[in-house]
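The values are calculated or read from the model by the stated rules, or taken from the named source; none is laboratory data. Please read these numbers as outputs of a predicted model, since none were measured by experiment. Here the Cβ positions follow ideal geometry from the backbone for every residue, glycine too, while neighbour counts run over all protein chains shown. To get the accessible areas, we keep the full protein, side chains included, count just its heavy atoms, and leave off ligands, DNA and RNA. Shrake-Rupley method; radii C 1.70, N 1.55, O 1.52, S 1.80 Å.
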Amino acid sequence: YTILSKVHSDRNVYPSAGVLFVHVLEREYFKGEFPPYPKPGEISNDPITFNTNLMGYPDRPGWLRYIQRTPYSDGVLYGSPTVENVGKPTIIEITAYNRRTFETARHNLIINIMSAEDFPLPYQAEFFIRNMNVEEMLASEVLGDFLGAVKNVWQPERLNAINITSALDRGGRVPLPINDMKEGVYVMVGADVPFSSCLREVENPQNQLRCSQEMEPVITCDKKFRTQFHIDWCKISLVDNTKQVSNFQEVIRGEGILPDGGEYKPPSDTLKSRDYYSDFLITLAVPSAIALVLFLILAYIMCCRREGVEKRNMQTPDIQLVHHSAIQKSTKELRDMSKNREIAWPLSTLPVFHPVTGEIVPPLHTDSYDNTSMPLMQTQQ
(Lines give C-alpha, C1' and ligand atoms only; values in the text may rest on other atoms or scores of the structure.)
Protein backbone atom coordinates (compact mmCIF):
# COMPACT_ATOMS: atom_id res chain seq x y z
CA TYR A 1 0.00 0.00 0.00
CA THR A 2 1.07 3.56 -0.64
CA ILE A 3 -0.31 6.35 1.57
CA LEU A 4 -0.25 9.93 0.35
CA SER A 5 2.32 12.08 2.09
CA LYS A 6 1.41 15.46 3.55
CA VAL A 7 4.10 17.07 1.42
CA HIS A 8 2.70 19.09 -1.47
CA SER A 9 5.25 17.69 -3.92
CA ASP A 10 4.54 14.82 -6.31
CA ARG A 11 4.46 11.30 -4.91
CA ASN A 12 6.42 8.52 -6.63
CA VAL A 13 5.48 4.86 -6.36
CA TYR A 14 7.21 1.85 -7.91
CA PRO A 15 4.86 -1.08 -8.56
CA SER A 16 5.89 -4.22 -10.41
CA ALA A 17 4.36 -5.37 -13.67
CA GLY A 18 1.91 -8.22 -13.25
CA VAL A 19 1.53 -7.68 -9.50
CA LEU A 20 -1.49 -6.10 -7.85
CA PHE A 21 -1.02 -2.38 -7.15
CA VAL A 22 -3.12 -0.65 -4.47
CA HIS A 23 -2.97 3.04 -3.57
CA VAL A 24 -5.20 4.47 -0.82
CA LEU A 25 -6.44 8.08 -0.92
CA GLU A 26 -7.04 8.95 2.74
CA ARG A 27 -9.57 11.61 3.61
CA GLU A 28 -7.71 12.51 6.78
CA TYR A 29 -4.83 13.93 4.79
CA PHE A 30 -7.01 16.15 2.62
CA LYS A 31 -8.98 17.44 5.59
CA GLY A 32 -5.96 19.53 6.57
CA GLU A 33 -6.05 21.39 3.28
CA PHE A 34 -9.63 22.55 3.65
CA PRO A 35 -10.78 25.24 6.13
CA PRO A 36 -12.20 23.84 9.39
CA TYR A 37 -15.68 24.35 10.75
CA PRO A 38 -16.58 27.81 12.12
CA LYS A 39 -16.73 26.51 15.68
CA PRO A 40 -13.25 25.89 17.07
CA GLY A 41 -12.62 22.44 18.47
CA GLU A 42 -15.42 20.80 16.49
CA ILE A 43 -14.41 17.63 14.66
CA SER A 44 -14.73 18.16 10.92
CA ASN A 45 -16.28 15.40 8.88
CA ASP A 46 -16.68 17.01 5.49
CA PRO A 47 -17.82 14.82 2.61
CA ILE A 48 -14.85 14.49 0.27
CA THR A 49 -14.80 12.84 -3.15
CA PHE A 50 -11.88 12.22 -5.50
CA ASN A 51 -11.40 12.45 -9.23
CA THR A 52 -8.48 10.63 -10.83
CA ASN A 53 -7.27 10.87 -14.41
CA LEU A 54 -4.15 10.47 -16.48
CA MET A 55 -2.43 13.79 -17.00
CA GLY A 56 -3.66 15.28 -20.25
CA TYR A 57 -6.52 12.77 -20.57
CA PRO A 58 -10.04 12.65 -19.12
CA ASP A 59 -9.78 9.09 -17.76
CA ARG A 60 -7.30 6.70 -16.17
CA PRO A 61 -5.19 4.06 -17.95
CA GLY A 62 -6.98 0.87 -18.88
CA TRP A 63 -5.29 -1.21 -16.19
CA LEU A 64 -6.00 1.23 -13.34
CA ARG A 65 -9.37 1.41 -11.55
CA TYR A 66 -10.78 3.59 -8.81
CA ILE A 67 -13.50 3.01 -6.23
CA GLN A 68 -15.05 5.05 -3.42
CA ARG A 69 -18.37 3.93 -1.97
CA THR A 70 -19.41 7.09 -0.12
CA PRO A 71 -18.01 10.62 0.35
CA TYR A 72 -17.19 9.60 3.94
CA SER A 73 -14.91 6.68 2.98
CA ASP A 74 -11.40 6.57 1.54
CA GLY A 75 -10.78 6.20 -2.16
CA VAL A 76 -8.69 3.36 -3.59
CA LEU A 77 -6.71 3.12 -6.81
CA TYR A 78 -5.99 -0.49 -7.78
CA GLY A 79 -5.03 -2.55 -10.77
CA SER A 80 -2.40 -4.75 -12.36
CA PRO A 81 0.26 -2.90 -14.41
CA THR A 82 1.09 -4.30 -17.80
CA VAL A 83 4.45 -5.08 -19.35
CA GLU A 84 3.90 -2.51 -22.13
CA ASN A 85 4.13 0.32 -19.59
CA VAL A 86 7.42 -0.77 -18.03
CA GLY A 87 9.86 2.11 -17.85
CA LYS A 88 7.25 4.73 -18.77
CA PRO A 89 6.23 7.02 -15.89
CA THR A 90 2.47 7.33 -15.56
CA ILE A 91 1.31 10.59 -13.96
CA ILE A 92 -2.11 10.43 -12.31
CA GLU A 93 -3.81 13.68 -11.32
CA ILE A 94 -5.74 13.35 -8.05
CA THR A 95 -8.32 16.06 -7.37
CA ALA A 96 -10.13 16.13 -4.02
CA TYR A 97 -13.52 17.91 -3.78
CA ASN A 98 -14.92 19.18 -0.50
CA ARG A 99 -18.67 18.83 -0.88
CA ARG A 100 -19.36 21.27 1.97
CA THR A 101 -17.20 24.21 0.91
CA PHE A 102 -16.82 23.27 -2.81
CA GLU A 103 -13.06 23.73 -2.58
CA THR A 104 -10.54 21.51 -4.34
CA ALA A 105 -7.02 20.23 -3.74
CA ARG A 106 -4.86 18.59 -6.40
CA HIS A 107 -1.85 16.29 -6.19
CA ASN A 108 0.07 14.20 -8.70
CA LEU A 109 0.90 10.53 -8.31
CA ILE A 110 3.80 9.31 -10.47
CA ILE A 111 3.65 5.56 -11.09
CA ASN A 112 6.98 4.07 -12.21
CA ILE A 113 6.27 0.51 -13.34
CA MET A 114 9.15 -1.87 -12.75
CA SER A 115 9.70 -5.16 -14.54
CA ALA A 116 9.45 -8.36 -12.50
CA GLU A 117 12.24 -10.89 -12.84
CA ASP A 118 10.07 -13.99 -13.10
CA PHE A 119 6.92 -12.43 -14.55
CA PRO A 120 4.54 -13.81 -15.53
CA LEU A 121 4.10 -16.58 -12.99
CA PRO A 122 3.24 -19.70 -15.03
CA TYR A 123 0.44 -21.06 -12.83
CA GLN A 124 -2.50 -18.73 -12.23
CA ALA A 125 -5.76 -19.38 -10.40
CA GLU A 126 -8.76 -17.06 -10.20
CA PHE A 127 -11.15 -17.41 -7.24
CA PHE A 128 -14.63 -15.93 -6.91
CA ILE A 129 -15.40 -14.84 -3.34
CA ARG A 130 -19.11 -14.31 -2.77
CA ASN A 131 -19.11 -12.63 0.66
CA MET A 132 -16.75 -9.74 -0.15
CA ASN A 133 -16.87 -6.40 -1.91
CA VAL A 134 -13.88 -5.14 -3.83
CA GLU A 135 -12.99 -2.41 -1.32
CA GLU A 136 -13.16 -4.91 1.53
CA MET A 137 -10.88 -7.30 -0.30
CA LEU A 138 -8.35 -4.56 -1.04
CA ALA A 139 -7.69 -4.05 2.68
CA SER A 140 -4.20 -5.24 3.54
CA GLU A 141 -5.22 -7.54 6.39
CA VAL A 142 -8.07 -9.18 4.43
CA LEU A 143 -5.94 -9.73 1.32
CA GLY A 144 -3.12 -11.07 3.49
CA ASP A 145 -5.46 -13.56 5.15
CA PHE A 146 -6.67 -14.78 1.77
CA LEU A 147 -3.16 -15.20 0.39
CA GLY A 148 -2.21 -17.07 3.54
CA ALA A 149 -5.08 -19.51 3.09
CA VAL A 150 -4.17 -20.04 -0.57
CA LYS A 151 -0.54 -20.62 0.38
CA ASN A 152 -1.53 -23.31 2.88
CA VAL A 153 -3.52 -25.10 0.20
CA TRP A 154 -1.12 -24.61 -2.71
CA GLN A 155 2.30 -24.67 -0.95
CA PRO A 156 4.17 -22.52 -3.52
CA GLU A 157 7.56 -20.89 -3.17
CA ARG A 158 6.33 -17.57 -4.58
CA LEU A 159 2.72 -16.40 -4.48
CA ASN A 160 1.51 -13.02 -5.70
CA ALA A 161 -1.88 -11.38 -6.08
CA ILE A 162 -2.12 -10.52 -9.76
CA ASN A 163 -5.46 -8.74 -10.05
CA ILE A 164 -8.75 -8.06 -8.26
CA THR A 165 -11.97 -7.42 -10.17
CA SER A 166 -15.45 -6.67 -8.91
CA ALA A 167 -18.23 -9.00 -10.04
CA LEU A 168 -20.11 -5.95 -11.37
CA ASP A 169 -17.30 -5.39 -13.89
CA ARG A 170 -17.81 -8.96 -15.13
CA GLY A 171 -21.51 -8.46 -15.87
CA GLY A 172 -22.86 -9.27 -12.42
CA ARG A 173 -25.99 -7.65 -11.04
CA VAL A 174 -26.19 -5.26 -8.12
CA PRO A 175 -27.25 -7.34 -5.08
CA LEU A 176 -30.41 -6.61 -3.16
CA PRO A 177 -30.02 -4.85 0.22
CA ILE A 178 -31.16 -7.99 2.04
CA ASN A 179 -29.10 -9.58 4.81
CA ASP A 180 -26.15 -7.36 3.88
CA MET A 181 -25.55 -9.18 0.58
CA LYS A 182 -22.24 -8.60 -1.19
CA GLU A 183 -21.57 -8.11 -4.88
CA GLY A 184 -18.66 -10.59 -4.98
CA VAL A 185 -15.08 -10.20 -6.14
CA TYR A 186 -12.70 -12.12 -8.42
CA VAL A 187 -9.14 -12.55 -7.11
CA MET A 188 -6.40 -13.85 -9.39
CA VAL A 189 -3.21 -15.21 -7.83
CA GLY A 190 -0.10 -16.65 -9.44
CA ALA A 191 2.46 -19.15 -8.25
CA ASP A 192 5.61 -20.87 -9.52
CA VAL A 193 4.58 -24.48 -8.78
CA PRO A 194 1.84 -26.62 -10.35
CA PHE A 195 -1.64 -26.67 -8.88
CA SER A 196 -2.21 -28.78 -5.79
CA SER A 197 -4.46 -31.81 -5.72
CA CYS A 198 -7.05 -29.85 -3.74
CA LEU A 199 -7.41 -27.26 -6.50
CA ARG A 200 -7.56 -30.03 -9.11
CA GLU A 201 -10.60 -31.54 -7.40
CA VAL A 202 -12.77 -29.03 -9.21
CA GLU A 203 -11.99 -30.77 -12.50
CA ASN A 204 -13.35 -34.14 -11.31
CA PRO A 205 -16.35 -35.42 -13.30
CA GLN A 206 -18.41 -35.71 -10.11
CA ASN A 207 -17.81 -32.06 -9.20
CA GLN A 208 -18.40 -30.96 -12.77
CA LEU A 209 -21.75 -32.75 -12.71
CA ARG A 210 -22.68 -31.09 -9.42
CA CYS A 211 -21.77 -27.70 -10.82
CA SER A 212 -23.93 -28.29 -13.90
CA GLN A 213 -26.83 -29.07 -11.54
CA GLU A 214 -26.13 -25.86 -9.56
CA MET A 215 -24.99 -27.84 -6.53
CA GLU A 216 -22.01 -27.15 -4.29
CA PRO A 217 -18.99 -29.31 -5.25
CA VAL A 218 -17.15 -31.36 -2.64
CA ILE A 219 -13.72 -29.78 -2.03
CA THR A 220 -11.56 -31.09 0.80
CA CYS A 221 -9.71 -27.81 1.41
CA ASP A 222 -12.82 -25.63 1.46
CA LYS A 223 -12.83 -25.59 5.27
CA LYS A 224 -9.57 -23.62 5.25
CA PHE A 225 -11.39 -20.76 3.50
CA ARG A 226 -14.91 -21.16 4.88
CA THR A 227 -14.19 -19.42 8.18
CA GLN A 228 -13.68 -16.06 6.44
CA PHE A 229 -14.14 -16.49 2.69
CA HIS A 230 -17.05 -18.16 0.88
CA ILE A 231 -15.57 -19.34 -2.41
CA ASP A 232 -17.69 -20.41 -5.36
CA TRP A 233 -15.65 -23.41 -6.51
CA CYS A 234 -17.71 -23.79 -9.67
CA LYS A 235 -16.31 -20.47 -10.94
CA ILE A 236 -12.65 -21.14 -10.20
CA SER A 237 -10.36 -20.83 -13.21
CA LEU A 238 -6.99 -22.64 -13.41
CA VAL A 239 -4.58 -21.46 -16.12
CA ASP A 240 -1.33 -23.24 -16.93
CA ASN A 241 0.72 -20.92 -19.14
CA THR A 242 3.41 -23.53 -19.73
CA LYS A 243 1.03 -25.79 -21.65
CA GLN A 244 -0.52 -22.92 -23.55
CA VAL A 245 2.84 -21.79 -24.89
CA SER A 246 3.76 -25.29 -26.12
CA ASN A 247 0.36 -25.77 -27.77
CA PHE A 248 0.62 -22.44 -29.49
CA GLN A 249 3.96 -23.29 -31.04
CA GLU A 250 2.72 -26.60 -32.50
CA VAL A 251 -0.03 -25.59 -34.91
CA ILE A 252 -1.38 -28.55 -36.89
CA ARG A 253 -3.51 -27.69 -39.89
CA GLY A 254 -6.64 -29.72 -40.20
CA GLU A 255 -10.38 -29.34 -40.24
CA GLY A 256 -11.63 -25.90 -39.28
CA ILE A 257 -8.54 -24.03 -40.53
CA LEU A 258 -9.03 -22.19 -43.82
CA PRO A 259 -6.34 -22.52 -46.48
CA ASP A 260 -4.14 -19.60 -47.25
CA GLY A 261 -5.92 -17.51 -49.84
CA GLY A 262 -3.01 -15.22 -50.58
CA GLU A 263 -2.76 -11.50 -50.13
CA TYR A 264 -5.95 -9.47 -49.90
CA LYS A 265 -6.56 -7.32 -52.95
CA PRO A 266 -9.00 -4.48 -52.36
CA PRO A 267 -11.17 -3.17 -55.23
CA SER A 268 -9.87 -0.42 -57.46
CA ASP A 269 -10.45 3.19 -56.49
CA THR A 270 -11.60 4.09 -60.02
CA LEU A 271 -14.95 2.31 -60.41
CA LYS A 272 -16.92 2.53 -63.67
CA SER A 273 -20.23 4.35 -63.57
CA ARG A 274 -23.32 2.22 -64.15
CA ASP A 275 -26.49 3.26 -65.99
CA TYR A 276 -29.62 2.39 -64.03
CA TYR A 277 -32.10 3.75 -66.66
CA SER A 278 -32.93 0.33 -68.08
CA ASP A 279 -33.38 -1.11 -64.59
CA PHE A 280 -35.72 1.75 -63.77
CA LEU A 281 -37.85 1.11 -66.85
CA ILE A 282 -38.08 -2.62 -66.20
CA THR A 283 -39.02 -2.02 -62.56
CA LEU A 284 -41.86 0.41 -63.43
CA ALA A 285 -42.95 -0.42 -66.98
CA VAL A 286 -43.62 -4.14 -66.59
CA PRO A 287 -45.89 -3.86 -63.50
CA SER A 288 -47.66 -0.85 -65.04
CA ALA A 289 -48.39 -2.73 -68.28
CA ILE A 290 -49.77 -5.75 -66.41
CA ALA A 291 -51.98 -3.49 -64.28
CA LEU A 292 -53.31 -1.70 -67.41
CA VAL A 293 -54.25 -4.98 -69.13
CA LEU A 294 -56.08 -6.20 -66.06
CA PHE A 295 -57.95 -2.88 -65.84
CA LEU A 296 -59.11 -3.11 -69.46
CA ILE A 297 -60.33 -6.69 -69.04
CA LEU A 298 -62.28 -5.74 -65.93
CA ALA A 299 -63.80 -2.68 -67.64
CA TYR A 300 -64.96 -4.80 -70.59
CA ILE A 301 -66.60 -7.33 -68.29
CA MET A 302 -68.34 -4.70 -66.14
CA CYS A 303 -69.49 -2.34 -68.92
CA CYS A 304 -69.62 -4.05 -72.29
CA ARG A 305 -71.18 -7.34 -71.22
CA ARG A 306 -73.82 -5.95 -68.88
CA GLU A 307 -77.39 -7.42 -69.17
CA GLY A 308 -80.26 -4.91 -68.79
CA VAL A 309 -83.73 -5.33 -67.31
CA GLU A 310 -85.43 -5.60 -70.69
CA LYS A 311 -83.19 -8.43 -71.81
CA ARG A 312 -83.81 -10.19 -68.54
CA ASN A 313 -87.64 -9.87 -68.93
CA MET A 314 -87.52 -11.12 -72.51
CA GLN A 315 -85.71 -14.27 -71.39
CA THR A 316 -88.08 -14.87 -68.46
CA PRO A 317 -91.36 -16.87 -69.05
CA ASP A 318 -94.62 -14.86 -68.90
CA ILE A 319 -96.22 -16.99 -66.22
CA GLN A 320 -93.23 -16.34 -63.91
CA LEU A 321 -93.53 -12.60 -64.46
CA VAL A 322 -97.29 -12.70 -63.66
CA HIS A 323 -96.67 -14.61 -60.44
CA HIS A 324 -93.98 -12.17 -59.41
CA SER A 325 -96.19 -9.14 -60.11
CA ALA A 326 -99.11 -10.69 -58.18
CA ILE A 327 -96.89 -11.30 -55.15
CA GLN A 328 -95.67 -7.73 -55.17
CA LYS A 329 -99.25 -6.33 -55.38
CA SER A 330 -100.48 -8.57 -52.57
CA THR A 331 -97.59 -7.59 -50.34
CA LYS A 332 -98.23 -3.91 -50.94
CA GLU A 333 -101.95 -4.28 -50.21
CA LEU A 334 -101.27 -6.07 -46.89
CA ARG A 335 -98.86 -3.38 -45.81
CA ASP A 336 -101.42 -0.63 -46.56
CA MET A 337 -104.13 -2.47 -44.59
CA SER A 338 -101.86 -2.93 -41.58
CA LYS A 339 -101.20 0.80 -41.47
CA ASN A 340 -104.93 1.74 -41.43
CA ARG A 341 -106.27 -0.68 -38.78
CA GLU A 342 -107.47 0.77 -35.44
CA ILE A 343 -106.45 -0.84 -32.15
CA ALA A 344 -107.68 0.38 -28.75
CA TRP A 345 -105.02 1.72 -26.46
CA PRO A 346 -104.36 -0.47 -23.40
CA LEU A 347 -105.71 0.78 -20.08
CA SER A 348 -102.19 1.00 -18.67
CA THR A 349 -101.56 4.02 -20.89
CA LEU A 350 -104.79 5.89 -19.83
CA PRO A 351 -105.36 7.83 -16.59
CA VAL A 352 -107.26 5.93 -13.83
CA PHE A 353 -108.36 9.05 -11.91
CA HIS A 354 -109.73 12.33 -13.28
CA PRO A 355 -106.97 14.91 -13.21
CA VAL A 356 -109.31 17.66 -11.82
CA THR A 357 -112.01 16.04 -9.69
CA GLY A 358 -110.05 12.94 -8.68
CA GLU A 359 -113.01 10.67 -9.45
CA ILE A 360 -112.51 7.17 -10.80
CA VAL A 361 -112.68 7.12 -14.58
CA PRO A 362 -114.87 4.28 -15.96
CA PRO A 363 -113.34 1.90 -18.45
CA LEU A 364 -113.55 2.91 -22.07
CA HIS A 365 -114.63 -0.54 -23.21
CA THR A 366 -117.97 -2.23 -22.48
CA ASP A 367 -118.48 -5.78 -21.41
CA SER A 368 -119.20 -6.77 -24.99
CA TYR A 369 -115.60 -5.88 -25.93
CA ASP A 370 -113.55 -8.72 -27.28
CA ASN A 371 -111.90 -10.51 -24.36
CA THR A 372 -109.07 -11.66 -26.53
CA SER A 373 -107.57 -8.18 -26.30
CA MET A 374 -106.61 -8.09 -22.62
CA PRO A 375 -105.49 -4.77 -21.17
CA LEU A 376 -102.10 -4.61 -19.57
CA MET A 377 -103.57 -3.31 -16.28
CA GLN A 378 -107.13 -3.64 -14.86
CA THR A 379 -109.18 -0.66 -13.66
CA GLN A 380 -108.48 0.08 -10.02
CA GLN A 381 -111.58 0.02 -7.72
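Side notes on the structure shown:
- By the equivalent-ellipsoid construction on the alpha carbon gyration tensor, region 138-185 comes out with semi-axes of 27, 13, 9 Å, ordered largest to smallest.
- Computed from the Cβ-Cβ distance with R0 of 51 Å, the FRET efficiency linking residue 206 to residue 12 stands at 0.45.
- The calculated P(r) of region 6-113, using every Cα pair and 10 Å bins from 0, goes 14, 44, 28, 11, 3, 0 in percent.
- For region 123-240, the dipole from Cβ point charges (+1 on Lys and Arg, -1 on Asp and Glu) about the Cα centre works out to 200 debye, to the nearest 20.
- For region 58-87, the residues whose amide N sits under 12 Å from a probe point set 7 Å from the Cα of residue 93 along the beta carbon direction are 58-60.
- Normalised contact order of region 82-136, rounded percent, pairs of Cα under 8 Å and 6 or more residues apart: 33 percent
- The residues of region 6-113 expose, per residue, 53 Å² of accessible area to a 1.4 Å probe.
- Principal axis dimensions, region 187-240 - Cα atoms, whole angstrom, descending: 33, 26, 18
- The relative contact order of region 135-204, computed from alpha carbon pairs under 8 Å that lie at least 6 residues apart in sequence, is 35 percent.
- Lysines whose Cα lies under 20 Å from that of residue 329, excluding same-chain neighbours fewer than 8 positions away: 339
- FRET E, pair residue 82, residue 270, Förster distance 45 Å, beta-carbon r, rounded to 0.05: 0.50
- Range of Cα positions in region 93-242 per principal axis (Å), largest first: 60, 46, 26
- Over region 6-113, relative contact order from alpha-carbon pairs under 8 Å, at least 6 apart, %: 38 percent
- In region 123-240, a dipole from Cβ-located charges (positive for Lys and Arg, negative for Asp and Glu) runs towards its positive end, and of 156, 195, 215 it is 215 whose Cα lies farthest in that direction.
- Sites residue 155 and residue 243, calculated FRET efficiency, Cβ-Cβ separation with R0 25 Å, nearest 0.05: 0.75
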